[in-house]
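Asks: One structure coming up, written as structure tokens, with questions to follow.
The values are calculated or read from the model by the stated rules, or taken from the named source; none is laboratory data. Just so it is clear, the structure is predicted and the values come from calculations on it, not from any experiment. Don't worry about glycine lacking a Cβ; one is built from the backbone with ideal geometry, like all the others, and counts go over all protein chains shown. Ligands, DNA and RNA are excluded from the accessible area calculation, which covers all protein heavy atoms including side chains. Shrake-Rupley method; radii C 1.70, N 1.55, O 1.52, S 1.80 Å.
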Amino acid sequence: MNNLSKVLACPVCNHQFSHVVTNNESRNTVNFGYGLDYRLVPRDCNRASDVATCPNCFFSYRTQDFDSRVSENIKTLVKSKKYVDIFRSADPESLSSFGRLGMLSILETRGLNPRDLGIVSLKGSWVARELGSNENEKNLLEKSNKFLDDALRRNLTKGEPAMVMYLLGEINRRREEYLRAKEMLTFLGNNPRYRYPALLLTVLIEEEDCTPYWSHYSPEKMEQLSPRFKGIFPALRSIPPLKTEFSPDELNEPKQKSDEDDRKRY
């Protein structure tokens, strides 16, 4: 991967720092797979290159927005004890995922649609998992659940209530809130777009399995297209923390095994 270093000037404290960004050429990396929460594997879902965190005051936002003016209320928020405390226990490797929490604080203060806040939180949880920040991943999933639930209750889903219901089902499965996850899928009904991923989620919920899974197929096509998944327990594979490199061979459809072998494996 080709990386570029860019000097940014923090609009809050005026501190200048170097930030490593991924150039546009490397963004064309082939996607090897998908998560049940529509996470692209591997790098496209890791937003570390899109968001920078000032090492001096911990202001965290998209790199292209560092040139814009920051309002006084955001500066006050960034300088507050509550904001700074988010980063006190963060080691350098976890700082990027902690930055999402800080960014959420800013976006929430600015009154962003709760549906969008929920998506930002979910994407932040992907980064936290890549960095091995399990507690931060959990916090971001909880925030995503809170925001998306609020969006659904207030009918602020931007015309996509089914998408919000499906994601709430997957997020609550990950949070081990299985009753809530099942409730969301019940509300979803037999929506044609989400029929197949909801089918897989139902199996995982009944198994009380909270593991993140991914496959070669996008969520709505997993059970529909894969002979390995169709009509049986979804033989999806987990994304281990700190794994950022994937080989296309890892996503080859496994050879059919006997029922006994499958029982031993799953």
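Asks: Anything in segment 176-201 that is at pLDDT 90 or above, in contact with a helix residue (DSSP H, G or I) (Cβ under 6 Å, 6 or more places away or on another chain) and not in a loop (DSSP other than H, G, I, E, B)? List them, or say none.
Replies: Across segment 176-201, the qualifying residues are 178, 180, 181, 182, 184, 185, 187, 188, 197, 198, 201.
Asks: To continue, here is another question. Let me confirm something: among 68, 97, which residue is modelled with pLDDT of 80 or more and open to solvent by less than 70 Å² (accessible area, probe 1.4 Å)?
Replies: 68
Asks: Continuing with this model, one more query. Could you list, in sequence order, all residues of segment 9-42 that are in a helix (DSSP H, G or I) and modelled with pLDDT of 75 or more?
Replies: Result: no residue meets the conditions.
Asks: State yes or no: is residue 166 modelled with pLDDT under 95, closer than 19 Å to residue 122 by Cα and out of contact with any Asp or Glu (no Cβ under 6 Å at 6 or more places or on another chain)?
Replies: No.
Asks: With respect to residue 84, determine if the residue is over 19 Å from residue 128 (Cα atoms), surrounded by 12 or more Cβ atoms within 10 Å (Cβ to Cβ) and either at pLDDT 80 or above or of a type outside the set (Lys, Arg) (or both).
Replies: no
Asks: Can you pull out every residue in segment 134-175 that is open to solvent by 10 Å² or more (accessible area, probe 1.4 Å), part of a loop (DSSP other than H, G, I, E, B) and within 19 Å of residue 38 (Cα to Cα)?
Replies: 158, 159, 160, 175
Asks: Within 17 Å of residue 247 (Cα to Cα), of a type outside the set (Phe, Trp, Tyr) and either surrounded by fewer than 22 Cβ atoms within 10 Å (Cβ to Cβ) or at pLDDT 80 or above (or both): which single residue out of 45, 57 fits that description?
Replies: That would be 45, the only listed residue that is within 17 Å of residue 247 (Cα to Cα), of a type outside the set (Phe, Trp, Tyr) and either surrounded by fewer than 22 Cβ atoms within 10 Å (Cβ to Cβ) or at pLDDT 80 or above (or both).
Asks: If you don't mind, another one. Please work out if residue 236 is touching a Gly at 6+ places or on another chain (Cβ under 8 Å), modelled with pLDDT under 80, closer than 21 Å to residue 129 by Cβ and not hydroxyl-bearing (Ser, Thr, Tyr).
Replies: no
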